[in-house]
Amino acid sequence: MITDQERRLLEACTLDAPWELVEHFSRTPRWRPEDVNKGADAIAERLRALGVPCTLHQPEIYLSIPLSASVEAGGVTHRAKPPSMSLSVPGGRTGPLVYLSANLKALRSYSRDVQELFGGSIASEAEARAKVAGKIVVTEGFGNPALTSLIEEWGGIGLIACNPGVDIHWGTCTTIWGTPDLDDIGRKPKIPVVAVNKPTGEALIAVAKAGGEATIRTEMLEGFFPQKIPEVRIEGAEPDFVLLHGHYDSWDVGVGDNATGDATMLEIARVLWANRATLKRGVRICWWPGHSTGRYAGSTWYADAFALELDANCVLSVNCDSPGCRWANSFHATTTMSETAKLVEGAITDIVPGAAFKTKRPNQAGDYSFNNIGITSFYMLSSTMADDLRKEKGYYDVSGCGGNIAWHTENDQLEIADRDNLLRDIRIYLLSVLRVANANLLPYDFVATAEEFAATVERYTKAAGDHADLTPSREATAAFRAAVARLKDDAAAGRVPASRANELMKRLARILVPINFTRTPRFAHDPAFTAPPLPGLAVASELPRYSGPMLGFAKTQLMRAQNRYVAALREATHLLG
Ligand SMILES: [Zn+2]
């Protein structure tokens, strides 16, 4: 049910300012450092013209900008694009080609699981090493970070990712999240990586099968660059705030990814600023650089620079990427943590009654730079094409632009944006933010989170068979579930004041989000590949695969991870008294 106050703000939304920004960005590429800064200036100018005060931060962040690439094989020079953070080899690197057949279902996977990536085509890691060492690998897919790190570990000297269509997609190949620190820098890719289109890929696979060789050439611009971050701070009656954020740097002019998101945040800034006197909590709105060429370096800098403020007062992070795209009328892939699943379902179905709606767990991607601090988060990509429509169009699966395969190519132009869908998605984002910013009692359900944990522990217990005893995890989860259910009831009945319950829920997130999404400590940043649910405990499900000393190592890892998990859940239970 939409309240009168919500309706007033929703009806205040128009397309005037947002569409003008989408049109402006459709003419201005935003991936070279100087052009990215011009993008920030464009946002700041428009905010000021709308009467919304804006701060421009200008950190130095580490970027890798692809300049050019090619692959030469069989006397033919093929067009290619190097993903950001590929090794720069302007003089070229030559080696024998080897073809690894990819599991096509895992094209978009950020997993390092060999089975998931290659299906049955590689039986073991030893086999992979024997095949790949000293060679340039050709495989289907996108030149993604997890894949690149595996090929490098197996001794491969280069990677050619054959994209599934006629276009070549830009991307990134590092597992490092944001600007590297001394602990991260060793993971920077040490091999050249390129993406090619399907016809080139087929030609190269044929060369590989004939035992031929290829030369990869990549040219990158890399280093620290000053990049601007526009930030709007709208204060509420209380110090706590919601962070709404998305990237404004893009591949080429990036309309669906992410000019439409930038426009969404511009309009929400305008409407909330005009109505700031009514806000219970503050709302901060940030536009990030360094998403595409710095693996989220903009949001990562903000997470680091404002870490202690975020820890003290941020109750929610909302990521805004690729809303308002052509043909995107489905909400079947809505990203949210468990505690906010009901909240986002309510917001989306209030704006779009009867919407096709389903939630999914946040990937380790998309400017989710706040997991290690422990902030409840939802959304990433927004509305998307229904699967049937995608299949009807013969589209393969991509990670943005509402499912339009113009994603990360020169074709992500004005036609990818859709006015009606954009206005609808602006309202969804606004309503979702408002319902947290103005709630007396935060509309979070941590019982759902506890139930997610219980289901995860159950799944790992079954998968581990006789190899592991997860009883301590199961017991700690049950105790926490009981404590958090009590808090939910007491808060609903007014036996615990809302202000106290809100503070407790904020503190719970600081414990539960890290344990469910990260392996490294708070205030660090996990690598950019898939973190399974309760990632520490996930090793339990791998135990049946191991034997000999490896089984002993894996069991040792699980014992430590279980200690971390149980201690965290005990701390959460204790917090609730
Ligand atoms: Zn994006």
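Screening ARG522, ARG424, ARG510 for residues that are basic (Lys, Arg) and under 30 Å from ASN329 (Cα atoms) leaves exactly one candidate, ARG424. Restricting VAL89, VAL76 to those that are open to solvent by 50 Å² or more (accessible area, probe 1.4 Å), hydrophobic (A, V, I, L, M, F, W, C) and modelled with pLDDT of 95 or more reduces the list to VAL76. Could you tell me whether the stretch 329-339 includes any residue that is in contact (Cβ under 8 Å) with a residue 24 or more places away in the chain, under 27 Å from GLU45 (Cβ atoms) and out of contact with any Ser or Thr (no Cβ under 6 Å at 6 or more places or on another chain)? The answer is no, given that none of the residues of the stretch 329-339 is in contact (Cβ under 8 Å) with a residue 24 or more places away in the chain, under 27 Å from GLU45 (Cβ atoms) and out of contact with any Ser or Thr (no Cβ under 6 Å at 6 or more places or on another chain).
Tell me, yes or no, whether the stretch 521-529 has at least one residue that is part of a helix (DSSP H, G or I) and crowded, with 21+ Cβ neighbours inside 10 Å. The answer is no; no qualifying residue exists. Is it the case that the stretch 47-66 has a residue that's assigned to a helix (DSSP H, G or I) and touching a helix residue (DSSP H, G or I) at 6+ places or on another chain (Cβ under 7 Å)? There is at least one residue in the stretch 47-66 that is assigned to a helix (DSSP H, G or I) and touching a helix residue (DSSP H, G or I) at 6+ places or on another chain (Cβ under 7 Å).
Of the residues making up the stretch 558-577, those that are open to solvent by less than 20 Å² (accessible area, probe 1.4 Å) and of a type outside the set (Gly, Ala, Ser) are LEU558, TYR565, VAL566, LEU569. Taking ALA540 as the residue in question, decide whether it is crowded, with 17+ Cβ neighbours inside 10 Å and among the small types (Gly, Ala, Ser). It is true that ALA540 is crowded, with 17+ Cβ neighbours inside 10 Å and among the small types (Gly, Ala, Ser).
Among the criteria (1) in contact with a Lys or Arg (Cβ under 9 Å, 6 or more places away or on another chain); (2) more than 30 Å from VAL484 (Cα to Cα); (3) at pLDDT 95 or above; (4) not in a helix (DSSP H, G or I), the one GLY402 does not fulfil is (4). Checked against (1) buried (at least 16 other Cβ atoms within 10 Å of the Cβ); (2) part of a loop (DSSP other than H, G, I, E, B), ILE151 passes all but a single condition, namely (2). Scanning the stretch 463-495 for residues being among the basic types (Lys, Arg), assigned to a helix (DSSP H, G or I) and without any contact (Cβ under 8 Å) to a residue 60 or more places away in the chain gives a total of 3.
In the stretch 425-460, of all residues being open to solvent by 10 Å² or more (accessible area, probe 1.4 Å) and part of a loop (DSSP other than H, G, I, E, B), the one that is farthest from GLY494 (Cα to Cα) corresponds to ASN438.
Taking the conditions (1) open to solvent by less than 10 Å² (accessible area, probe 1.4 Å); (2) of a type in the set (A, V, I, L, M); (3) away from the ligand (no atom under 16 Å from the Cβ) in turn, ILE205 satisfies each one other than (1).
Would you say THR14 is without any contact (Cβ under 8 Å) to a residue 24 or more places away in the chain, exposed (fewer than 14 other Cβ atoms within 10 Å of the Cβ) and farther than 30 Å from GLU125 by Cα? No. Residues of the stretch 284-298 that are within 16 Å of the ligand (Cβ to nearest atom) and within 17 Å of THR55 (Cβ to Cβ): CYS286, TRP287, TRP288, PRO289, GLY298. Taken over the stretch 8-40, the residue count meeting the criterion of being closer than 30 Å to SER84 by Cβ and part of a helix (DSSP H, G or I) is 16. Beta carbons closer than 6 Å, at least 6 apart along the sequence or on distinct chains, pair a first residue in the stretch 132-146 that is in a loop (DSSP other than H, G, I, E, B) with a second that is surrounded by fewer than 22 Cβ atoms within 10 Å (Cβ to Cβ) and at pLDDT 90 or above for ALA133/GLY155; LYS135/GLY95; LYS135/PRO96; LYS135/VAL98.
Looking at the stretch 388-397, is at least one residue within 26 Å of TRP177 (Cα to Cα) and under 19 Å from the mean Cα position of the chain (by Cα)?
Step one: list which residues in the stretch 388-397 are within 26 Å of TRP177 (Cα to Cα), which gives 397.
Remaining after also requiring under 19 Å from the mean Cα position of the chain (by Cα): 397.
Taking every residue of the stretch 388-397 in turn, at least one turns out to be within 26 Å of TRP177 (Cα to Cα) and under 19 Å from the mean Cα position of the chain (by Cα).
With the condition kept exactly as written, say whether any residue in the stretch 534-541 is over 30 Å from GLY294 (Cβ atoms) and part of a loop (DSSP other than H, G, I, E, B). Looking through the stretch 534-541, at least one residue is over 30 Å from GLY294 (Cβ atoms) and part of a loop (DSSP other than H, G, I, E, B). Taking the conditions (1) assigned to a helix (DSSP H, G or I); (2) open to solvent by 70 Å² or more (accessible area, probe 1.4 Å); (3) charged (D, E, K, R) in turn, ARG510 satisfies each one other than (2).
Is it the case, given these coordinates, that ILE160 is over 30 Å from VAL433 (Cα atoms), at pLDDT 95 or above and out of contact with any Leu (no Cβ under 7 Å at 6 or more places or on another chain)? So ILE160 fails the test.
The values are calculated or read from the model by the stated rules, or taken from the named source; none is laboratory data. All values derive from a computational prediction rather than experimental measurement. No Cβ is skipped: glycine too gets one built from the backbone with ideal geometry, and neighbour counts run over all protein chains shown. Keep in mind that these areas ignore ligands, DNA and RNA; they rest on the heavy atoms of the full protein, side chains included. Shrake-Rupley method; radii C 1.70, N 1.55, O 1.52, S 1.80 Å.
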